[in-house]
Every structure is written in structure tokens, then in C-alpha cells.
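Values in this text are rule-based calculations from the coordinates and carry no lab data. Predicted model only: the values in this text are computed from it and were never measured. All Cβ positions, glycine included, derive from the backbone under ideal geometry; neighbour counts span all protein chains shown.
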Amino acid sequence: MKNNFPTNPCLFCNSINYKKTFEYNNRPQGEINFHNTTHYFREIFQCQVCFHYISVHNMDLSNLYSGQYVDSTYSGQEGLKKTFDRIIALAADKSDNYGRVKSINDFAFNFFENKKNHTILDIGSGLGVFPYAMQKLNWECTALDPDPRACEHLKNTVGVKSICADFLKAEDIGQYDCISLNKVLEHVDNPIKMLSKVKKYLKPKGLIYIEVPDGEQSELDGKDREEFFIDHLHIFSLTSLCLLAKKSDLTLLNLERLKEPSSKYTLRAFLTHHGSGKHT
Ligand SMILES: [Zn+2]
């Protein structure tokens, strides 16, 4: 099979030294059938300097986030509600969301001098299990999602304020004490551009929380791990996540590597913006 070795330098370290990690000639089990082609071919390459992974293929995924995502992932509006109900009913030790909420709430308690109810913008809320749980802990939540059905669900079932928009095109969406991106940056072309834009909506001395798939741990378990599925353009390493913070002119406060109750390998980071230095 042909190789499509990337010709663009690594977004994070500018190297052009890549190694092919995995090749797929069939859709791996569990991956959603997004593409409209009978011939499946995809490769994962890893930067040999910062160990970041990228997914490379020529299949058409133009419908990925235009409604088909909600249809394929959750079987539409009813499916959203069912999945939401199932996840919020999970016991603490079975729930990725429980650990995420606890982690942010604990970190924020130490980070913010003021102990008032803080505002949080959650970018890419989807099902809304995260803003739902944060709201229960008295955070003032705003959930942003590009899918109109997800937004309806957020408003009607979850009961959180929602903004229906593509964050990269959104403007004037307010200023927040905290902004979270849970499993979002791996889906966008340029995570640096996105995170740089996040700063605009962060109040001074605000907190950014991000979660991304951990490629280095996932690779050890083999090519069929969901971290390498087709909807992830980027799969991070500890180093590439640090470089992402630096290139976005953010200060990394904490970085954690974990295996979540769902078995996902995840990197979790807290960042802030000191407002000094060069803005990108
Ligand atoms: Zn690199």
C-alpha cells in the first residue's frame, strides 16, 4: 500500500520527521461509519521529535459534524436523551464525567481566590453530562455546541444555557472564569488556533481545562484503540500537549495522564493566560 507521509511540518515542534505507526485497510471495530466510500485506507503517523500523532487519509468526512454525527453517534434526539439518562445514572467509579468534574472543582477551589459561583463555558458539550454535573455544584454553565439537536437537548433535557455555534466562527459569546474543552481539540484541524481563540473569552486570571486522547499509552494497546478512530485528527503526547500550551501563549499549570473508567487513555491539563508575552 502507498504511504502518504505528511509533508507539512509538525504543528507543535515544526519537525518533518515522521514514522508510520499504524495502517488501516478496514474500519476498526467500534468506529462509526462516517465515510461514503467502499475503500477504506487510513494511516497514523507519529512525529519523531514531540511524539504527536496525526491521522492521514483521503476519505470524504464532510458530513462529520453536520448532523450526521449526532445521528450516527446517538441515533438522533431520542438517543441523546437516552444516552444522557444512562450516563448520569452511572456510579461514580464507572463514570469518566465524575472524575472530570471532581478534578475541575477541586482545582478551581484552590486556584480562584474568590469563592463565589464561577462561570464556565463548555465548548463542544454534546450530551451535556458535564455542564449538568457542574451546574449541580453551583457553577454557572454555558454549553456551546455546533449541532442544533444537541443544543435543543442541552436546553430542554439538561437545563443549561446553550449557544448553538461553531466556536471557530463564533463571536461575542461572553467572558468566563473557566473554559473547558473535553475531547474537542483532537477533532479540529488546528488545535493551536482554537486554543488561541479560547483566550479571548477568558476573564483575567481565568482557568482553561482540556482533555485530549493520550496517544503514547494507547499505542501500547494496539491499533484498534478508540483514541486512533477516524474522527480524531490529532492524538497527543505529553510533549505535544505542553507545546500546544506554549504555542497558544498559555501557561500549563498541571498535566495528568490517566486511564478513565471507560478505559480511555486521556491527558488532562489545566492552563491559564497571564496576558503577557506575544499573543498569537
Ligand atoms: Zn512534533
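Give the number of residues within the stretch 81-106 that are more than 19 Å from Lys259 (Cα to Cα), hydrophobic (A, V, I, L, M, F, W, C) and touching a Phe, Trp or Tyr at 6+ places or on another chain (Cβ under 7 Å).
Going through the stretch 81-106 one residue at a time, the tally reaches 1.
Which condition breaks for Phe270 when tested against (1) under 23 Å from Leu144 (Cβ atoms); (2) surrounded by fewer than 19 Cβ atoms within 10 Å (Cβ to Cβ); (3) of a type outside the set (Lys, Arg)?
It is condition (2) that Phe270 fails.
Of these, Ser237, Ser248, which one is out of contact with any Pro (no Cβ under 6 Å at 6 or more places or on another chain), within 16 Å of the ligand (Cβ to nearest atom), within 23 Å of Gly99 (Cβ to Cβ) and polar (S, T, N, Q)?
Ser237 is the lone residue from the list that is out of contact with any Pro (no Cβ under 6 Å at 6 or more places or on another chain), within 16 Å of the ligand (Cβ to nearest atom), within 23 Å of Gly99 (Cβ to Cβ) and polar (S, T, N, Q).
Which helices (runs of 4 or more DSSP H) does the stretch 171-251 wholly contain that include 3 or more residues that are touching a Leu at 6+ places or on another chain (Cβ under 7 Å), farther than 22 Å from Asp145 by Cα and touching a residue at least 12 places away in the same chain (Cβ under 8 Å)?
Per the criteria, 238-247.
So how many residues does the stretch 148-170 have that are assigned to a helix (DSSP H, G or I) and of a type in the set (S, T, N, Q)?
2
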